[in-house]
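Participant: Sharing a structure below in structure tokens format, with a few things to ask.
The values are calculated or read from the model by the stated rules, or taken from the named source; none is laboratory data. Treat the numbers as computed from the prediction; the structure is a model and nothing was measured. Please note: Cβ atoms are built from the backbone with ideal geometry, for glycine as well, and neighbour counts cover all protein chains shown. Accessible surface areas use protein heavy atoms only, side chains included; no ligands, DNA or RNA. Shrake-Rupley method; radii C 1.70, N 1.55, O 1.52, S 1.80 Å.
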Amino acid sequence: TELSRIRNFSIVAHIDHGKSTLADRLIQLTGTVAERDMKAQMLDAMDIERERGITIKANSVRIEYPAQDGHTYILNLIDTPGHVDFAYEVSRSMQAVEGSLLVVDATQGVEAQTLANVYQAIDADHEIVPVLNKIDLPAAEPERVKEQIEDVIGIEAHNAVLISAKTGLGIPDVLEAIVQRLPAPKGERDAPLKAMLVDSWYDSYLGVVVLIRVMDGVIRKGDTIRMMKTAATYKLDTLAVLKPQMVQIDALGPGEIGVFTASIKQVRDTRVGDTITHEKKQTPKALPGFKPSVPVVFCGLFPVDANDFDDLRDAMEKLALNDASFSFEMETSAALGFGFRCGFLGLLHLEVIRDRLEREYDLDLITTAPSVVYDVHMKSGEVEQLHNPADMPDLTLVDHIEEPRIKATILVPDEYLGDVLKLCQERRGIQLDLTYAGPRAMVVYDLPLNEVVFDFYDRLKSVTKGYASFDYQIIGYREDNLVKMSVLVNDEPVDALSMMVHRDRAELRGRAMVEKLKELIPRHMFKIPIQAAIGGKVIARETLSALRKDVTAKCYGGDASRKRKLLDKQKAGKKKMRQFGKVEIPQEAFISALKMD
Ligand code: GTP
């Protein structure tokens, strides 16, 4: 295909602003999928994505569009994940296209994720077409939102396309805008092959499928290619375009996007951002490439029932096949037995994986406190990466500890601003910026990631009644006065509850933690001391009193239904308990104990 007849683009949007609905419409209007095959949200392949309404894996579709100028154009949409945990996948797919549609819900306006994603598009030098969605709703305020886009993002918005992805209104204008306003790709047909590895995934029938964008040269079915970073060579079995189902094709030239299979065994054998060239005639210069996505949040996952350990390992291996950024290794905990220490890109990633393990593989899991990765600078000059507070080295050998910091952007209606500032301040935040976009404030904070991983989202949502939007990126590591706090139940340390805290916040957290545990641990036949300690020093203590013989005795009088309820509750609770020495601790305690109210 001629370069001038190709347009490559992605769609950036905040969650729920209508990205998937618009993609569906574009596919539908151009007849890419027969009407009867059209299911809502074509591009969100996995059930869990559909249920949660979040797009995780970048996906792609090729659309043929007969434009008003009489020519037929090939439009390649690369779908990008909307959430910050997957920021790396966003930035990589941005490099493969020349333009973006910026979808903003005309009833809501610009949100934190809109900003985070659009800045990535700007960084990738994209031409950006603003699209205001949901104008069918009476609450839509397109003029106000246009102004906001110009003020907050700083891009031209007077010629934004007004649409309703739901009713289909304005969709032809979007297609015309793509053709007229986005640039055609550049590239040289006669140069040696240079293609970017944009994404890869595991398909149970085809094996690893690799999504590529050709920069220069031509790739053909049957070619032998070389991946420049891994130096591995493969012979192409199939070459195809996604419509969005695979349709075989003989060749892909400059500017084109497609997929191939080549008997590649694992997703891990493919490096996103790698340059693909021909084995024989190699390109002299590889693409700049990308930084690998490194896990930033770690937690332990243990089976509630120790007999499920092998099933858990099998399930994790399957999930990891398709998700190179999810890592796990075996871990043994004195309290929890055999399990895994797992690494994730962020909190959402953690939740998604845990959910899939529980639902798709029917496993009951105990999740230990999420922890960020600390750089522990030893007196010897070595730097150790601490993924698990339980592995904290001997303090006398430690010089100082550095923790990851984030730049958080929060958009919030003015009336809740005070509460948001208070929350950020409590979490050791440093205010970087405060500006207004209409009736809403945009605050930017420098925050320690460890203060965000437990329950920051939940707290933010509750203090703003759900009206705030939040996004973050990691900005680097900084030293602070950090200590390991251990928790002792019945004088035995429970390693799964130990955590890194700031020294100044240790007492507060320790007290909150032991109070919570006192509520969460059922009473036993004996008295149970619950303590928080730093090194050998106890900083907070509660005592859970012993149980009297008859549990139901504390239900005054003879309210039978209430008695039964209590007994049922005990029975249900029993299933999800773990034995710690002589004490049984319910599964939910491991997360609940860490939340601060
Ligand atoms: P993520 O996949 O979570 O990033 O969300 P998204 O941006 O893809 O949003 P999605 O397309 O799932 O739309 C979110 C909700 O808005 C859905 O309930 C849609 O039905 C609804 N919606 C999308 N477009 C319109 C529109 O033009 N008008 C109205 N009234 N509702 C819309």
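Participant: Got a sec? Which of Ile212, Ile225 is within 28 Å of the chain's Cα centre (by Cα) and either open to solvent by less than 50 Å² (accessible area, probe 1.4 Å) or among the aliphatic types (A, V, I, L, M) (or both)?
Facilitator: Of the residues listed, the single one that is within 28 Å of the chain's Cα centre (by Cα) and either open to solvent by less than 50 Å² (accessible area, probe 1.4 Å) or among the aliphatic types (A, V, I, L, M) (or both) is Ile212.
Participant: Counting just the residues of the stretch 92-143 that are open to solvent by 40 Å² or more (accessible area, probe 1.4 Å) and within 17 Å of Pro413 (Cα to Cα), which one comes out modelled with the lowest pLDDT?
Facilitator: Gln108
Participant: Inside the stretch 163-196, can you point out the residues that are within 14 Å of the ligand (Cβ to nearest atom), surrounded by 17 or more Cβ atoms within 10 Å (Cβ to Cβ) and outside any helix (DSSP H, G or I)?
Facilitator: Result: Ile163, Ser164, Ala165, Gly170.
Participant: Follow-up. Can you tell me which residues in the stretch 387-405 are modelled with pLDDT under 90 and either within 25 Å of His349 (Cβ to Cβ) or under 28 Å from the mean Cα position of the chain (by Cα) (or both)?
Facilitator: Once the filter is applied, which keeps residues that are modelled with pLDDT under 90 and either within 25 Å of His349 (Cβ to Cβ) or under 28 Å from the mean Cα position of the chain (by Cα) (or both), the stretch 387-405 yields His387, Asn388, Pro389, Ala390, Asp391, Met392.
Participant: Would you please name the residue that is nearest to the ligand (Cβ to nearest atom), looking only at residues in the stretch 89-139 that are in a strand (DSSP E or B) and of a type in the set (Val, Ile, Thr)?
Facilitator: Val103
Participant: Here is a follow-up. Go through the stretch 497-540 and give me each residue that's assigned to a helix (DSSP H, G or I) and either of a type in the set (Gly, Ala, Ser) or touching a helix residue (DSSP H, G or I) at 6+ places or on another chain (Cβ under 8 Å) (or both).
Facilitator: Leu497, Ala506, Gly510, Ala512, Met513, Lys516, Leu517, Leu520
Participant: Quick check: anything in the stretch 366-377 open to solvent by 20 Å² or more (accessible area, probe 1.4 Å) and either over 15 Å from Arg478 (Cβ atoms) or assigned to a helix (DSSP H, G or I) (or both)?
Facilitator: Among the residues of the stretch 366-377, not one is open to solvent by 20 Å² or more (accessible area, probe 1.4 Å) and either over 15 Å from Arg478 (Cβ atoms) or assigned to a helix (DSSP H, G or I) (or both), which makes the answer no.
Participant: Could you tell me whether Ile155 is more than 15 Å from the ligand (Cβ to nearest atom), within 29 Å of the chain's Cα centre (by Cα), aliphatic (A, V, I, L, M) and open to solvent by less than 30 Å² (accessible area, probe 1.4 Å)?
Facilitator: no
Participant: Scan (1) in a loop (DSSP other than H, G, I, E, B); (2) open to solvent by 20 Å² or more (accessible area, probe 1.4 Å); (3) closer than 24 Å to Met513 by Cα for the single condition Asp362 breaks and write down its number.
Facilitator: With (1) in a loop (DSSP other than H, G, I, E, B); (2) open to solvent by 20 Å² or more (accessible area, probe 1.4 Å); (3) closer than 24 Å to Met513 by Cα applied to Asp362, the lone miss is (3).
Participant: Something else now. Has the stretch 511-523 got at least one residue that is within 24 Å of the chain's Cα centre (by Cα) and touching a residue at least 40 places away in the same chain (Cβ under 8 Å)?
Facilitator: no
Participant: Does any residue of the stretch 506-514 turn out to be of a type outside the set (Asp, Glu) and in contact with a Phe, Trp or Tyr (Cβ under 8 Å, 6 or more places away or on another chain)?
Facilitator: No, the stretch 506-514 contains no residue that is of a type outside the set (Asp, Glu) and in contact with a Phe, Trp or Tyr (Cβ under 8 Å, 6 or more places away or on another chain).
Participant: Continuing with this model, one more query. Filter the stretch 487-496 down to residues that are part of a strand (DSSP E or B) and open to solvent by 30 Å² or more (accessible area, probe 1.4 Å) and give me whichever is farthest from Ala512 (Cα to Cα).
Facilitator: Glu492
Participant: Additional query: Could you please let me know if Leu347 is at pLDDT 90 or above and either under 23 Å from the mean Cα position of the chain (by Cα) or among the aromatic types (Phe, Trp, Tyr) (or both)?
Facilitator: No: the conditions fail for Leu347.
Participant: Turning to a different aspect of this structure: With the structure loaded, tell me whether Ile149 is away from the ligand (no atom under 16 Å from the Cβ), farther than 22 Å from Ile63 by Cβ, part of a helix (DSSP H, G or I) and open to solvent by 60 Å² or more (accessible area, probe 1.4 Å) or whether it fails that test.
Facilitator: Taking the combined requirement at face value, the residue does not satisfy it.
Participant: I'd like the full set of residues that are in a loop (DSSP other than H, G, I, E, B) and either among the hydrophobic types (A, V, I, L, M, F, W, C) or more than 16 Å from the ligand (Cβ to nearest atom) (or both), limited to the stretch 1-24.
Facilitator: Within the stretch 1-24, Thr1, Glu2, Ile15 qualify.
Participant: Could I ask something else about it? Of everything in the stretch 416-447, what is among the aliphatic types (A, V, I, L, M) and assigned to a strand (DSSP E or B)? Give them in sequence order.
Facilitator: Ile430, Leu432, Leu434, Ala437, Ala441, Met442, Val443, Val444, Leu447
Participant: Still on this model: I need a count of the residues in the stretch 460-471 that are in a strand (DSSP E or B) and modelled with pLDDT under 80.
Facilitator: Total meeting the criteria: 1.
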